[in-house]
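The values are calculated or read from the model by the stated rules, or taken from the named source; none is laboratory data. Remember, predicted model here, so these are calculated numbers, not experimental data. Backbone-built Cβ (ideal geometry, glycine too); neighbour counts: all protein chains shown. Keep in mind that these areas ignore ligands, DNA and RNA; they rest on the heavy atoms of the full protein, side chains included. Shrake-Rupley method; radii C 1.70, N 1.55, O 1.52, S 1.80 Å.
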Amino acid sequence: MPRASTTSDAFNAVAEPRRRAILSLLALQERPVGDIVTALGFEQPSVSKHLRVLKDVGLVTARRDGRNMLYRTEAGALRPLHEWTRTFERLWTHQLNRIKERAEQAERAERAEKDNRH
């Protein structure tokens, strides 16, 4: 099955790490392209290309402020991504709890061994 275009939906758009970095930066405040280039160290044409993809799928909006276009993350469009990742929250929580339990068991065993030596 051919892979969907990166401009077809939010899931494909955020599969690219540079786009995720741009979204993260824009989550804090709206910014012009030049600020994104400076903050992330990407080339300007690359940032413009990624912003276009993010805008096409609705994850980013733009508004004109004088000569600048200011971009920002569109929180509502991120909801499907957030809801999908929440389905895995129980798994992550379960795994973290298991790691914590093992660490606590190891610590108790180490303490008991130390107490037996004294």
* Structure fact -> Flagged in the range 75-104 as under 15 Å from L23 (Cβ atoms) and of a type in the set (A, V, I, L, M), in numbering order, are A75, A77, L78, L81
* Asked: Can we say L96 is touching a residue at least 40 places away in the same chain (Cβ under 8 Å) and under 25 Å from the mean Cα position of the chain (by Cα)?
  -> no
* To do: Spot the failing condition for M69; the list is (1) within 14 Å of A21 (Cα to Cα); (2) touching a Lys or Arg at 6+ places or on another chain (Cβ under 9 Å), and only one is missed.
  => (1)
* Asked: Is there a residue in the range 66-76 that is assigned to a helix (DSSP H, G or I) and either touching a residue at least 60 places away in the same chain (Cβ under 8 Å) or of a type outside the set (F, W, Y) (or both)?
  -> yes
* Name every residue in the range 1-22 that is surrounded by 14 or more Cβ atoms within 10 Å (Cβ to Cβ), of a type in the set (A, V, I, L, M) and at pLDDT below 95, in order of residue number. => A10, A13, V14
* To do: Please give the number of the condition P80 fails out of (1) in contact (Cβ under 8 Å) with a residue 40 or more places away in the chain; (2) assigned to a helix (DSSP H, G or I); (3) open to solvent by 90 Å² or more (accessible area, probe 1.4 Å).
  => (3)
* Filtering the range 53-77 down to residues that are closer than 20 Å to A39 by Cβ and acidic (D, E), which residue is most open to solvent (accessible area, probe 1.4 Å)? -> D65
* Asked: Considering the range 83-118 alone, what residues qualify as being of a type in the set (S, T, N, Q), in a helix (DSSP H, G or I) and open to solvent by less than 100 Å² (accessible area, probe 1.4 Å)?
  -> T85, T93, Q95, N97
* To do: Could you list all residues from the range 25-37 that are assigned to a helix (DSSP H, G or I) and surrounded by 13 or more Cβ atoms within 10 Å (Cβ to Cβ)?
  => L25, L26, V33, D35, I36, V37
* Enumerate the pairs (first residue in the range 27-52 and within 22 Å of R79 (Cα to Cα); second residue anywhere and part of a loop (DSSP other than H, G, I, E, B) and open to solvent by less than 70 Å² (accessible area, probe 1.4 Å)) with beta-carbon separation below 9 Å, excluding pairs fewer than 6 apart on the same chain, so at least 6 apart or on different chains. => H50/E16; H50/F42; R52/T7
